[in-house]
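Worksheet: one structure, shown below.
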Amino acid sequence: MIDRAKQFSPFSPLKGFYSKILEKEKIVVPRHEMLEDKAQDLSQKLNLIKKGMMVKIIWYREGEYVKKEGMVSKIDNEREKLTVVKEDIFFTDIWDIELEENNPENIF
């Protein structure tokens, strides 16, 4: 019975081909230079963020800017790293942060 089920399982002769094609379609963007005013504003926001807050964050990862929305699950000031849901984001890679409206300490 198990051998009979194998004949109906999906088969792809080009395993991994489609994921490689998608990687090639990605347009690599150079990292933007951050101005001093923006860097100070970002630093103030980072100092106000606490574990459990909802944030929208834009950061640079592998040649592109990525946006994520979620809860801050960890703040590591020693390693200069912020964790949003399960994504580790280094402070130096962050381009912008917005606090969600439902945060009680939202001042932005």
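What follows draws every value from the coordinates through simple rules; no lab data is involved. These numbers come from a predicted model, not from an experiment. Here Cβ is always computed from backbone atoms with ideal geometry, including for glycine, and neighbour counts include all displayed protein chains.
What is the sum of charges, Lys and Arg at +1 and Asp and Glu at -1, for the other residues whose Cβ falls under 12 Å from the Cβ of Ala39?
-3
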> In the structure shown, do any of Lys24/Lys45; Lys15/Lys74; Lys15/Lys81; Lys26/Lys74; Lys24/Lys51; Lys20/Lys50 have a Cα-Cα gap over 32 Å, and if so which?
Replying inline: Lys24/Lys45; Lys15/Lys74; Lys15/Lys81; Lys24/Lys51; Lys20/Lys50
> Around Asp96, with a cut-off of 10 angstrom between Cβ atoms, what is the net charge of the other residues, counting Lys and Arg +1 and Asp and Glu -1?
Replying inline: +2
>> If each residue of separation counts as 0.36 nm, what is the full-extension length gain between Arg79 and Asp41 once their alpha-carbon separation is subtracted?
In response: 11.7 nm
> For region 76-84, what does the Karplus curve 6.51 cos²θ - 1.76 cosθ + 1.60, with θ = phi - 60°, yield as ³J(HN,Hα) per residue in whole Hz, taken in order and with x for Gly and Pro?
Replying inline: 10, 6, 5, 8, 6, 9, 10, 10, 10
> Which far-off residues, 5 or more places away or on another chain, put their amide H under 5 Å from the one on Met53, with H placed in the peptide plane?
Replying inline: Val72
> By average Cβ neighbour count within 10 Å, what is the ranking of 89-98, 31-40 from highest down?
Replying inline: 89-98, 31-40
